[in-house]
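For reference, the structure discussed in these notes is given below.
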Amino acid sequence: TFVDKAYMKKPLLIIFILCANYHYAFTQMQKDTLFFNNGTLVIGKLKKIKVGVVTFDPDDANDITVQLRKIKAIDATREIYRVESIKKAVLYGILKPDSLPQHVKIVGEDIQKSIELVEIINLYPYSNRFIQRFSGNIGLGYNYTRSSGFGRLNFDMALNYNSKKNEITTTVSTIYSV
């Protein structure tokens, strides 16, 4: 009957709403967070830290860059990061806020170390998959001067591979005259 169908739809609707709320709450927990010295915070994805500058992708804006000294804490648990410090230590783990201001706790498989944020020279996501550890670029260009009948072909390539112990960079640059 019609009444039985209406009662059946109500529990299904409630289950759907609960599942949707759980999924939304879970995805919000997976976001990275920057806590600033002035009390504000930004939620999104931590991309990298390079020489005192944080690159961050907020949920509601384009990428932002922030000086590291303006940040009170970082909470980045969505992926494992490779962290290089000014003391030449290389650490792998997620970033959790520390009890000390302007410090971060790096939590990895076998470590849990607190370091000051300004000690981080380089930080970028680290992947355990072999192919994802490669990065690079390729450039190709051709220039021809009609008055002299001279042509030039340029080729540039850079290939980087990052493992837990090494970082290997290969570059190639050639110019061919035609």
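The values are calculated or read from the model by the stated rules, or taken from the named source; none is laboratory data. The shown structure was predicted, so the numbers you read here are calculated from the model rather than taken from an experiment. When we count neighbours, we look across all protein chains shown, and the Cβ atoms used for this are built from the backbone with ideal geometry, even at glycine. Side chains are part of the model used for accessible areas, which takes the heavy atoms of the whole protein and leaves out ligands, DNA and RNA. Shrake-Rupley method; radii C 1.70, N 1.55, O 1.52, S 1.80 Å.
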Taking Ser135, Ser173 and ranking on accessible area (1.4 Å, protein atoms only), highest first, one gets Ser173, Ser135
Square roots of five times the C-alpha gyration tensor eigenvalues of region 135-178, ordered largest first and given in whole Å, equal 34, 8, 3
The ratio Rg/Rh over the Cα atoms of region 46-105, Rh being the Kirkwood inverse mean 1/r radius, stands at 0.94
The answer for trypsin sites (Lys or Arg not before Pro) in region 116-165 that fall in a DSSP coil and have at most 14 neighbouring Cβ atoms within 10 Å is Arg129, Arg146, Lys164, Lys165
Quick calc: nm separation of the 7 Å Cα→Cβ label points for Arg129 and Asp60 -> 3.2
Expected unfolding gain across Asn160-Glu109 under the 0.36 nm per residue rule, minus the alpha-carbon gap, is 15.9 nm
From the cross-link list Lys50/Lys70; Lys45/Lys88; Lys31/Lys88, the entries with a Cα-Cα span beyond 23 Å are Lys45/Lys88; Lys31/Lys88
Once Leu41 and Glu119 are pulled to full extension, the length gained, defined as 0.36 nm per residue separation minus their Cα-Cα distance, is 25.9 nm
Output for region 119-178: chymotrypsin sites (Phe, Trp or Tyr not before Pro) sitting in coil per DSSP, at most 10 other Cβ within 10 Å, listed by number, reads Phe130
Sorted largest first, the Cα spans of region 68-135 on the principal axes come out in Å as 37, 20, 20
Accessible-area order for Asp63, Asp57, largest to smallest, probe 1.4 angstrom, reads Asp63, Asp57
Taking every C-alpha to C-alpha distance in region 93-178 and binning by 5 Å from 0, the per-bin percentages run 3, 10, 14, 13, 12, 10, 9, 7, 6, 5, 4, 3, 2, 1
Counting only protein heavy atoms and leaving out ligands, DNA and RNA, the solvent-accessible surface of Ile111 at a 1.4 Å probe, in Å² to the nearest 10, equals 50
In Å, the Kirkwood estimate of hydrodynamic radius for region 22-178 over Cα pairs equals 18.0
If R0 = 22 Å, then Asn137 and Tyr176, at their Cβ-Cβ distance, give a FRET efficiency to the nearest 0.05 of 0.70
